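Take a look at the structure below.
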Amino acid sequence: MTPSTTASAPLHTLEHVFGYTAFRGPQGEVVEHMMGGGDALVLMPTGGGKSLCYQIPAILRDGTGLVVSPLIALMHDQVSALRELGVSAAYLNSSLSFEAAQQIEADLLAGRLDLLYVAPERLLTARMLQTLDRLYAQRRLALIAIDEAHCVSQWGHDFRPEYLQLSVLQTHFPSVPRIALTATADPETQEEIARRLHLDNARRFISSFDRPNIRYRIVTKDNPRAQLLSFLREDQQGNAGIVYCLSRRKVEQTAEWLQSHGIKALPYHAGLTTELRAAHQDRFLREDAIVMVATIAFGMGIDKPDVRFVAHLDLPRSIESYYQETGRAGRDGLPAEAWMAWGAQDVVLQRRMIDESEGAEEFKRRARTRLDALVGLTETTGCRRTHLLAHFGEAIPACGNCDNCLDPPQTWDGTEAARKALSAIYRTGQRFGAGHVIDVLRGEISDKVRDWGHDQVSTFGIGTELDEKTWRTLFRQLVARGMLTIDHDRHNALLLTDLARPLLRGEAEFTLRVPPAKANRRHATRRNAPDIPGGVALTLFDRLREWRSRLAATRNVAPYIIANDATLREIAITRPANTTELASITGIGDRKLAAYGADILELVNATV
């Protein structure tokens, strides 16, 4: 498409192509910045509309927008969705035949594409770079977008080595505006992205990391399979979701067990054949109420908007992993839930995996710090969302939509115990880890305690009232709340911080969660039920979904590419009487109005 010189062009495209009447958050600013040829680094939560930030400028600027994407599934979905909107888009990756790839390259050179999605390893081939050099010489590269930009971080679990080579884009195409986008990056990772992609001078657009439609719930493991089944039956009956497990074996066992209890569960991990993984992923994307039981091999790039829950049967590797994985729920903005069962053994296992990994010590240090932050989230007695977002440098008040807010946990006053712990760390020279300090507190005369003379310090034996497990819980919370830090270079020695001073001086209190004897099932009324009136409207919603499923099958696309649940629910609530009213529905652009408007209005009128 040819660009418009009017300031209203992006809004016109947003409304008439994508079906939205207004930009959200910083979307409009990012689009304007890209239209003007500026570079950008965009941090926006999953479901926040990152794609529009480069899709609209790519459509309006001269030439083709190049999108670097790490996953075939994501490319396929986004290209299908764009074509459904009437946008000329294609992708180049290993799934294409030689002939199909040749045709797409011909379309690219002929100027027939608004957007081209390409895998990083394909982009970096000599053939592809030569093709892009030709476009650049003709001023027909509209922009370059690097999606899932956190893959450039060598400290993250989604690291892709080929992403490090994407810095060549700035060298090859210096005048083409570049935009890097991610939903998961703490301040340290943001700096790494900017440095490695040569975007140091790019304007940064950082949205809130909050996903207010997601309810966070964390339970202590007590027969976790049964807890998961109860969650699925009581809160998520008939909904699509993802259950994450740490090992391939556990994935298969859990999927089989859920199937035996009437749940439509499918396994997914890297040990399955490529064909079986593809078949299971396809069913998850195209069918309703499929529960995918998976390792972290599944998830990034899955664009399914109506995932109503993400559950964890094992503790994730870090707080970033937890945020990213739970963020795959509720992309459509409707209520969703992040549920996790965890136990102390999970922490032991994750720490051992870090210690035994082949990474450099700096990598291990960062991994331990991020795991500690996640453990703090599991044990906090305050708002889960407040704690989670604080890790990303964002301060918010209590959310009212997590388990701790809805059903405040019982707590005990750990102030005196915390003072004893801090004093014991100080008296032993701030040179030892938790195990040694706990031995001192409990009066355990180990060889190490005797050798260091710590059976003679004033804090020896002053903590016999608590068992080792309770002391470890207290130490983890002291670390999580910033009163202690861990020196990984000195065998995980515990060090006091300035935040410990008020507690030691008697100017602050310290409370801890009382572990429940059984998982507490008290929580507020389920929010995941359809938020539309009962009776007629619900019937219309069901009929719209049935129509969408039939149409998607004939067009060989996922149902949400036709229309997502949020769009169908808005139709069911407002019951548009004509095309003008239907055009005002979120997600209904000109192309969909022309293609499906008559069918939708017929369904509305036929549902009395």
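The values are calculated or read from the model by the stated rules, or taken from the named source; none is laboratory data. Quick caveat: nothing in here was measured; it's all calculated off a predicted structure. So basically every Cβ, Gly included, is an ideal-geometry build from the backbone, and we count neighbours across all protein chains shown.
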For residue 453, work out the one condition from (1) surrounded by fewer than 14 Cβ atoms within 10 Å (Cβ to Cβ); (2) touching a strand residue (DSSP E or B) at 6+ places or on another chain (Cβ under 8 Å); (3) small (Gly, Ala, Ser) it doesn't fulfil. (2)
Test: residue in region 551-568 that is among the basic types (Lys, Arg) and closer than 20 Å to residue 336 by Cα: no
Do we find a residue being hydroxyl-bearing (Ser, Thr, Tyr) and more than 30 Å from residue 275 (Cα to Cα) anywhere in region 39-56? yes
As an exercise: evaluate residue 245 against (1) surrounded by fewer than 21 Cβ atoms within 10 Å (Cβ to Cβ); (2) hydrophobic (A, V, I, L, M, F, W, C); (3) touching a strand residue (DSSP E or B) at 6+ places or on another chain (Cβ under 9 Å) and give the number of the one condition it does not meet. (1)
Test residue 604 against the stated conditions and say whether it is modelled with pLDDT under 95 and assigned to a loop (DSSP other than H, G, I, E, B). no
Within region 477-486, can one find any residue that is surrounded by fewer than 16 Cβ atoms within 10 Å (Cβ to Cβ) and free of Cβ contacts under 8 Å to residues at least 60 places away in the same chain? yes
Determine whether residue 168 is in the same structural domain as residue 20 (by TED's automatic domain parsing), over 27 Å from residue 298 (Cα atoms), at pLDDT 95 or above and not in a strand (DSSP E or B). no
Hey, any hits in region 232-249 for a residue that's in a helix (DSSP H, G or I), under 23 Å from the mean Cα position of the chain (by Cα), under 29 Å from residue 362 (Cα atoms) and not assigned by TED's automatic domain parsing to the domain that holds residue 315? no
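This table checks each residue for (1) of a type in the set (A, V, I, L, M, F, W, C); (2) touching a residue at least 60 places away in the same chain (Cβ under 8 Å).
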residue	(1), (2)
539	no, yes
543	no, yes
574	no, no
595	yes, no
601	yes, no
Go through region 142-168 and count every residue that is over 20 Å from residue 365 (Cα atoms), out of contact with any His (no Cβ under 8 Å at 6 or more places or on another chain) and not β-branched (Val, Ile, Thr). 13
Going through (1) touching a strand residue (DSSP E or B) at 6+ places or on another chain (Cβ under 8 Å); (2) under 19 Å from residue 558 (Cα atoms); (3) modelled with pLDDT under 90 one by one, residue 285 fails only at (1)
On the basis of being of a type outside the set (A, V, I, L, M), buried (at least 18 other Cβ atoms within 10 Å of the Cβ), under 30 Å from residue 51 (Cβ atoms) and in contact with a helix residue (DSSP H, G or I) (Cβ under 6 Å, 6 or more places away or on another chain), does residue 215 make the cut? no
Looking only at region 488-505, count every residue that is in contact (Cβ under 8 Å) with a residue 24 or more places away in the chain and of a type outside the set (A, V, I, L, M, F, W, C) and tell me the total. 5
Can you pull out every residue in region 27-50 that is within 19 Å of the chain's Cα centre (by Cα) and either farther than 18 Å from residue 331 by Cβ or touching a residue at least 60 places away in the same chain (Cβ under 8 Å) (or both)? 41, 42, 43, 44, 45, 46, 47, 48, 50
Can you report the number of residues in region 570-592 which are in a helix (DSSP H, G or I), out of contact with any Phe, Trp or Tyr (no Cβ under 6 Å at 6 or more places or on another chain) and closer than 28 Å to residue 335 by Cβ? 8
In region 92-130, which residue that is in contact (Cβ under 8 Å) with a residue 40 or more places away in the chain and in a helix (DSSP H, G or I) is nearest to the chain's Cα centre (by Cα)? 120
Are any residues in region 171-195 farther than 30 Å from residue 137 by Cβ, under 17 Å from the mean Cα position of the chain (by Cα) and either modelled with pLDDT of 95 or more or not β-branched (Val, Ile, Thr) (or both), and if so, which ones? 183, 185, 186, 187, 190
Residue count, region 66-87, condition in contact (Cβ under 8 Å) with a residue 40 or more places away in the chain and within 25 Å of the chain's Cα centre (by Cα), comes to 14
Note on region 440-454: residues more than 42 Å from the chain's Cα centre (by Cα) and in contact (Cβ under 8 Å) with a residue 12 or more places away in the chain are 443, 448, 449, 452, 454
